[in-house]
Amino acid sequence: MKKLTIASLLIIIIAGISIVSCDSTTVQEVQPVVTNPTYNANIQPIFAAKCVSCHSSNGENPPLTNYAEVKDAVENGDVMCRLQNECGEVMPPSGKLPQVFIDMVNNWKTQGYVE
């Protein structure tokens, strides 16, 4: 069996560190943009995870719990304005969504709100 040289060992260690060290904080942030998103497969899970806790049918905020509500909010520009922080208010309050999700919602709109 060959011995590892110090240089080889350093390369392995540095390579391992660069794999582990990533600017992203979540797996979601490194997902590719879905170019043909549908409401059921792609959009609804985002809204369920990030919006419905404040935007439910019984809350004081406009509901975003189903296809019609989300489509209307995206169509009238309210959602995109807030997701992109162009209205002076970013949604969700916990912080701006990763751009990949914002792009996905925009693709969904551009492609005709496929359910």
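The values are calculated or read from the model by the stated rules, or taken from the named source; none is laboratory data. Remember, predicted model here, so these are calculated numbers, not experimental data. Here the Cβ positions follow ideal geometry from the backbone for every residue, glycine too, while neighbour counts run over all protein chains shown. For the accessible areas, the whole protein counts, side chains as well, though only heavy atoms, and no ligand, DNA or RNA atoms are used. Shrake-Rupley method; radii C 1.70, N 1.55, O 1.52, S 1.80 Å.
Things to note:
- Contact map, the stretch 101-115: first residue free of Cβ contacts under 8 Å to residues at least 24 places away in the same chain, second residue not in a helix (DSSP H, G or I), Cβ cut-off under 7 Å, separation 6 or more or different chains; pairs are ILE102/GLN84.
- Residue pairs meeting the criteria (Cβ under 9 Å; at least 6 apart or on separate chains; first under 15 Å from TRP108 (Cβ atoms) and aromatic (Phe, Trp, Tyr), in the stretch 57-80; second open to solvent by 70 Å² or more (accessible area, probe 1.4 Å) and not in a helix (DSSP H, G or I)): TYR67/GLU115
- Taking the stretch 83-100 as the range and being without any contact (Cβ under 8 Å) to a residue 60 or more places away in the chain and open to solvent by less than 70 Å² (accessible area, probe 1.4 Å) as the test, the residues that pass are LEU83, GLN84, CYS87, VAL90, MET91, PRO92, GLY95, LEU97.
- Residue that is surrounded by the fewest Cβ atoms within 10 Å (Cβ to Cβ) [pool: residues in the stretch 63-76 that are assigned to a loop (DSSP other than H, G, I, E, B) and within 20 Å of the chain's Cα centre (by Cα)]: ASN66
- When the stretch 38-62 is filtered for residues that are part of a helix (DSSP H, G or I), open to solvent by less than 70 Å² (accessible area, probe 1.4 Å) and under 18 Å from VAL90 (Cβ atoms), the ones remaining, listed by number, are ILE46, PHE47.
- Residue match in the stretch 29-37 (condition: among the aliphatic types (A, V, I, L, M) and open to solvent by 80 Å² or more (accessible area, probe 1.4 Å)): yes
- Residue under evaluation CYS54, criteria (1) closer than 26 Å to GLN111 by Cα; (2) out of contact with any helix residue (DSSP H, G or I) (no Cβ under 8 Å at 6 or more places or on another chain); (3) modelled with pLDDT of 85 or more, criterion not met: (1)
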